[in-house]
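The values are calculated or read from the model by the stated rules, or taken from the named source; none is laboratory data. From a predicted model like this one, the values you see are computed outputs, not experimental measurements. Positions of Cβ are backbone-derived with ideal geometry, glycine not excepted, and every protein chain shown enters the neighbour counts. Side chains are part of the model used for accessible areas, which takes the heavy atoms of the whole protein and leaves out ligands, DNA and RNA. Shrake-Rupley method; radii C 1.70, N 1.55, O 1.52, S 1.80 Å.
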Amino acid sequence: MNNFRAFWLVAMTAAEFSDSNIFLLVAISFAVGGVILGWGITSYFREKADETISLRKRLSQLVSPDQLVSASQKIRTMSPQLQDRSPWHSHEQADPADQSANSQRKLLTQEFVSSLQLFFKYVAVYWVPYWSIGIASAVLLMSMPAYRLIAAKKLGVAIDQGASVLVNSAIQLGILLPIAFALCLLGSRLSARLSSRVANDIRHDLFVRLQALSQDFHKQSRLGNILSHFSVDIYKIEPVLGQELVRSVGEAVMTLINLVILIRMSASLTLISIVPIVVMLPLTLYSSVEMTTQGLKAINQNALMVDAVQEGMRGQRMIAGYGLQSLFSSYFSDELIKLEHKRTGAVFSFLTFQHAVLFSAFLLDAWVMGVGGMYVLSDQITMGTWIAFFTISHNTYEILAQLVNTRIGRWLEASIGMQRIDQVLEYPTRIVDAVDAHPLTAFEKEIRFENLSFGYSDAQRQLHHINLSIEAGQFIAFVGSSGAGKSTVFNLLMRFYDASEGRITIDGHDIRNLTQQSMRSQMGVVLQETFLFNTTIMNNIRIVRPEATDEEVFAAAQAAEMHDFILSLPQGYQTVVGDGGGRLSGGQRQRIAIAQALLHKPRVLLLDEPTSSLSPEMADAINQTIASLAGKHTVIMITHQLKASVPADCIFVLDQGRLVEQGTHEDLLARSEHYYHLWNIQQRLETEAAETLTLPSH
């Protein structure tokens, strides 16, 4: 209303001084200035792009507003030598600023087009299933803009017809206002629900995809980056694919309705009023592309900062142990400085985009005021019609500015998150079931490696031409020095990877022709690094079979020799194990992992270095438990501790990816070959360690 009063005073003043042609001069000045400004901006960005970028670089080096902001008293820069030795030194994002202007402009255009394509892809996948509720909420949200349109029309009529219609208009508007407000609230509620539902659909697909992706993806991905997908990226996407998109539909419709009404009021004045929009379009488009580019850099850098925090927390004990807190604070400060630069560019580009749209709005108001004044002075329209036209055009541009400034700006920000999430959703899955894959029936006979070779990359092979067989019910151990290929055997048995040459068969079936679910349903797994959820012992054991009864959980814990210990705890099976099982010892966590595997009722029990991080006493106890399971299950253990393999029915000895020996413990010792050599080394080391412990102190 304050703006309207100001515009009203300007209009009346122009009418009073029409004889002196002051108003006409102002209108002509605005018109000429607008045309010159539009031509200048268009030429500036079309023909002088290279010079513009060079000039911008020089100016930013000579006079930077950033210099006015005092340095942080907390974040300290470090010497270049220390920066190079930071564990996160290589996290710096690549900056395309050094590219030529033409290639950079072409790259920005391609990114802008791909962002739009990706946005509409996500609309089709996640928004269209709820299109009916989206359209309904869009219609409801149009109630307040429609009310403003009606109010503007009634204002123009009142100015032309006098005060006689004011009372009736006020009564009608007083009745319409609460109705429009209630409808708007209902539309807002529906759009809010739509936003949450669409966001959860994306979260679900992302989580499911992460679970389905092969191990090569998880080996090279950063945890901080993945976590930022669920926080930063989806936080940007959630409103855009819900309430923002709904509001945009309503705003687009209202813009068309307002435009039709303006044309009916004065087609020529409407056409002339579009000039400022056309003039400012190049600057607005350029600002939007720049905002997208800078925003992507900022989000990527934020993900690297989160990854640095995650690594800093995981390595906190080592950092504290060496007294490196101050040094790592400096390392982290360097990451924050990188983030500050990227965030400053992103925020400034967003504000530039907003200011460009706002400038366009002011230019339009001045233009319509000047040209409309001339129409009034020449008696082409009445004062009431001009006031109504001005108010509707101003409201129209407010809606359009909201659509361009807020909506499209947020769309472009959301497209950044979509690009990052789409990299995960579109990442190819290496290990998939074959088209004709069939389920594995109960494992009964043998597992065979037939001329099997494998490499994680084409440059190097980890296994070479392995041939062996494992009969059902046997206790098998794979041993060898570090890097011999033991864990690779485990990964291939679990089909985390496929063989490069040869094959693995179960009861004569190539595992690549079996469904992964049916194969793994018959396997129990105990990993080197046991992970427990921060819940009760009962829930952790039962997590592999949620339908298992308490009695079955107790039986699995007894078989893992953990039942009595659990009952000795104050809360028994309802004891919460803490984050990652941190409230339990390593041996206790391993026994819970064994109980998990046994509750799964596996025919094959796979153990990957189950005692590598335990004390000798605890390792011996776990090994005895594992040995007691032989015969009840086919036990396949990967271990570098040869004492654990002594009771095995067959020991496969690997060396540099080749199977060099196989047999029982006694047979292998009798041969005096590779296994015999490894055994003697470990025995000597254990003897020296025991003697060290028994030396008298001085």
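Sticking with the crude label model, points 7 Å out along Cα→Cβ, report the distance from GLU552 to SER612 in nm, one decimal please.
That separation, rounded to one decimal, is 3.2 nm.
Run the paramagnetic zone check for MET383: 7 angstrom along Cα to Cβ, then residues of the stretch 138-177 with backbone nitrogen under 14 Å.
What the label zone holds, given the 14 Å backbone N cut-off, is 156-163.
In whole Hz, what ³J(HN,Hα) sequence does the stretch 671-687 give by Karplus (6.51, -1.76, 1.60; θ = phi - 60°), x for Gly and Pro?
Karplus values, whole Hz, x for Gly and Pro: 6, 6, 10, 4, 4, 4, 5, 4, 4, 4, 4, 5, 5, 5, 5, 5, 5.
Any chance you could tell me what percent of the C-alpha pair distances in the stretch 304-349 go past 14 Å?
Details: 572 of 1035 pairs.
Within the stretch 304-349, distances greater than 14 Å cover 55 percent of Cα pairs.
Could you work out the local net charge near ILE506, counting Lys and Arg as +1, Asp and Glu as -1, over the other residues with Cβ closer than 14 Å to its Cβ? The partial results should precede the final answer.
Numbers: positive: LYS445, ARG448, ARG495, ARG503, ARG512, ARG520, ARG603; negative: GLU444, GLU446, GLU450, GLU471, ASP507, ASP510.
So the surrounding residues net to +1.
What FRET efficiency comes out for GLN161 versus ARG209 if R0 is 51 angstrom and r is the Cβ-Cβ distance? Round to the nearest 0.05.
Values: r = 64 Å, r/R0 = 1.26.
Efficiency, from the Cβ-Cβ distance: 0.20.
Report the one residue of ALA644, GLN656, HIS600 whose Cα lies farthest in the direction of the positive end of the charge dipole of the stretch 600-668 (charges on C-beta: Lys and Arg +1, Asp and Glu -1; origin at the Cα centre).
HIS600
For the stretch 586-657, what ratio Rg/Rh do Cα atoms give with a Kirkwood hydrodynamic radius?
On the way: Rg = 12.0 Å, Rh = 12.7 Å.
Radius of gyration over Kirkwood radius for the stretch 586-657 works out to 0.94.
Using amide H atoms built 1.01 Å from N in the peptide plane, name the residues 5+ places from GLU661, or on other chains, whose amide H lies under 5 Å from its own.
Residues meeting the amide H criterion: VAL653.
Tell me, what HN-Hα J-couplings in whole Hz come from the Karplus equation 6.51 cos²θ - 1.76 cosθ + 1.60 at θ = phi - 60° for each residue of the stretch 424-439, using x for Gly and Pro?
With the stated coefficients, the stretch 424-439 comes to 7, 5, 9, 5, x, 7, 6, 9, 10, 5, 5, 4, 9, 5, 10, x Hz.
Over the stretch 171-264, what is the relative contact order in whole percent, taking alpha-carbon pairs under 8 Å and six or more residues apart?
Relative contact order for the stretch 171-264 comes out at 47 percent.
Near the amide H of LEU514, under 5 Å away, which other amide H atoms are found, from residues 5 or more places off or on another chain, if H is placed in the peptide plane?
For LEU514, whose amide H was placed from the backbone, the distant partners under 5 Å are HIS438.
Taking 0.36 nm per residue of separation and subtracting the Cα-Cα distance, what length does fully extending ARG658 through GLN528 add?
44.6 nm
Taking R0 as 35 Å, what's the FRET efficiency between LEU327 and ASP579 from their Cβ-Cβ distance, rounded to 0.05?
That pair, LEU327 with ASP579, gives E of 0.85.
For the peptides 317-323, 360-366, what is the packing order when you average, over each peptide's residues, the other Cβ atoms within 10 Å and list the highest mean first?
Working: 317-323: 10.7, 360-366: 19.0.
Highest mean packing first, the order is 360-366, 317-323.
Can you compute 3J(HN,Hα) from phi for each residue in the stretch 370-378, using the Karplus curve 6.51 cos²θ - 1.76 cosθ + 1.60 with θ = phi - 60°, rounded to whole Hz and x for Gly and Pro?
Listing the rounded values in order: x, 5, x, x, 5, 5, 5, 5, 8 Hz.
Pull up all non-local amide H partners of ILE638: gap of 5 or more, or a different chain, and H-to-H distance under 5 Å with H placed in the peptide plane.
Result for ILE638 returns PHE478, LEU607, ASP608, GLU609.
When only the heavy atoms of the protein chains count and the probe is 1.4 Å, how do SER221, SER214 rank by accessible area, highest first?
I get SER221, SER214, largest accessible area first.
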